[in-house]
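Worksheet: one structure, shown below.
The values are calculated or read from the model by the stated rules, or taken from the named source; none is laboratory data. Nothing here was measured: the structure is a model prediction, and the numbers come from that model. Backbone-built Cβ (ideal geometry, glycine too); neighbour counts: all protein chains shown.
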Amino acid sequence: MTGLSRCLYCTRRTSPADGLAHAFPECIGKNDSTLPEGAVCGPCNGYLGSKLESQLVRYPQIALSIQMAGLPGKSGVPRKELGGIESGKAHGEEWSFRMGIPRPSIADGPDGTSQLVVEVPPGKGFSFLRFRRAIHKIALESLALQEGLEYVRSPEFAAARTYIKNPKPADLSWGFAEAPSGGPRPMHAVYFESGLREIVGVNILGTLFVVDLRNSGDLGALAVQQSVNFYGPEVREVPVLRLFAEGKRVTE
Ligand SMILES: [Zn+2]
């Protein structure tokens with residue numbers, strides 16, 4: 001196989017010198033989701049890491065999960081600050097973290113309750129377009145781990161491979177759905193198959209991002225049916241994470 005492999009994205013011949021590619025990026029956490037040797041060439045791997053995967057940690061929900069848990073970055077230590085959120089610190093029994101974000105607001109809810117609303121915007125330099133491609137990249141490569149490299153090299157996934165590495169036009173946008181997910185594994189993929197679709201859910205630190213690797217247009221309807229958030233191709237506004245805390249007002 002060595003010397004005969006071709007890059008999944010640009011079809012250039014690869015060699016062991018190209019190094020190993022991870023389906024799940026290590027900027028989220030150390031993991032062993034490596035693709036077979038020669039699956040992705042060095043330049044493509046470098047591009048995907050620096051231009052796409054770097055966007056994942058700026059997404060509000062992911063940034064908050066990383067910083068609350070004090071998860072280490074690629075350097076092995078927690079990030080001092082990410083998207084305006086400082087790393088969580090334990091002080092004996094108490095635990096705190098600071099957010100350089102707009103002032104929380106307090107709203108009156110029904111039945112004498114009060115709501116504290118905290119808004120977490122995306123980190124500086126966030127690109128929603130590149131973020132979308134990053135989650136499609138994880139989905140495609142997770143599928144490669146599950147079904148084998150040849151499977152995702154098939155013509156059915158040609159559009160997905162192009163969208164991830166070199167979209168035309170450059171602002172091409174594919175939809176995705178988002179829902180909270182539980183589970184003990186911080187990063188994994190789940191697969192949904194139905195008819196001509198290849199729908200993959202990527203769980204990143206408690207949030208499930210669902211993409212359709214054939215971009216068939218059915219994901220939006222599926223999201224509505226499942227009552228989960230859907231960001232269609234036309235949604236250009238970056239989602240702001242809203243955290244609510246509700247409490248009953250105490251009157252003396
Ligand atoms: Zn390549």
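Give the residues of the stretch 22-79 that are closer than 27 Å to Arg6 by Cα, touching a helix residue (DSSP H, G or I) at 6+ places or on another chain (Cβ under 8 Å) and among the charged types (D, E, K, R), sorted by residue number.
Of everything in the stretch 22-79, those that are closer than 27 Å to Arg6 by Cα, touching a helix residue (DSSP H, G or I) at 6+ places or on another chain (Cβ under 8 Å) and among the charged types (D, E, K, R) turn out to be Glu37, Lys51, Glu53.
Looking at the stretch 1-25 only, could you name the residues that are crowded, with 21+ Cβ neighbours inside 10 Å, within 14 Å of the ligand (Cβ to nearest atom) and of a type outside the set (Asp, Glu)?
Selection gives Cys7, Leu8, Tyr9, Thr14, Ala21.
Report whether or not Gly46 is over 15 Å from the mean Cα position of the chain (by Cα), without any contact (Cβ under 8 Å) to a residue 60 or more places away in the chain, within 12 Å of the ligand (Cβ to nearest atom) and within 21 Å of Phe126 (Cα to Cα).
yes
Identify, by number, the condition in (1) under 30 Å from Pro239 (Cβ atoms); (2) within 14 Å of the ligand (Cβ to nearest atom); (3) small (Gly, Ala, Ser) that Gly70 doesn't meet.
Only one criterion is unmet by Gly70, namely (2).
Looking at Glu119, Glu141, which is the one that is under 28 Å from Lys248 (Cβ atoms), in contact (Cβ under 8 Å) with a residue 12 or more places away in the chain and either touching a strand residue (DSSP E or B) at 6+ places or on another chain (Cβ under 8 Å) or not basic (Lys, Arg) (or both)?
Within the list Glu119, Glu141, the selection yields Glu119.
If I filter the stretch 113-147 down to residues being modelled with pLDDT under 95 and among the β-branched types (Val, Ile, Thr), which single residue comes out as farthest from Arg103 (Cα to Cα)?
Of everything passing the filter in the stretch 113-147, Thr113 is farthest from Arg103 (Cα to Cα).
Answer yes if at least one residue in the stretch 77-93 is within 27 Å of Leu213 (Cβ to Cβ), modelled with pLDDT of 85 or more, buried (at least 18 other Cβ atoms within 10 Å of the Cβ) and not small (Gly, Ala, Ser), and no otherwise.
So far as the stretch 77-93 goes, no, none of its residues is within 27 Å of Leu213 (Cβ to Cβ), modelled with pLDDT of 85 or more, buried (at least 18 other Cβ atoms within 10 Å of the Cβ) and not small (Gly, Ala, Ser).
Mind listing whichever residues of the stretch 108-136 are of a type in the set (Gly, Ala, Ser), assigned to a loop (DSSP other than H, G, I, E, B) and under 23 Å from Met187 (Cα atoms)?
Hits for the stretch 108-136 are Gly123, Ser127.
Being away from the ligand (no atom under 16 Å from the Cβ), out of contact with any Phe, Trp or Tyr (no Cβ under 7 Å at 6 or more places or on another chain) and either of a type in the set (S, T, N, Q) or in a loop (DSSP other than H, G, I, E, B) (or both) is true for just one of Ile28, Ile62. Which residue is that?
Ile28
With the condition being crowded, with 18+ Cβ neighbours inside 10 Å, I'd like the strands (runs of 3 or more DSSP E) fully within the stretch 137-252 carrying at least 3 qualifying residues.
Result: 176-180, 197-204, 207-212.
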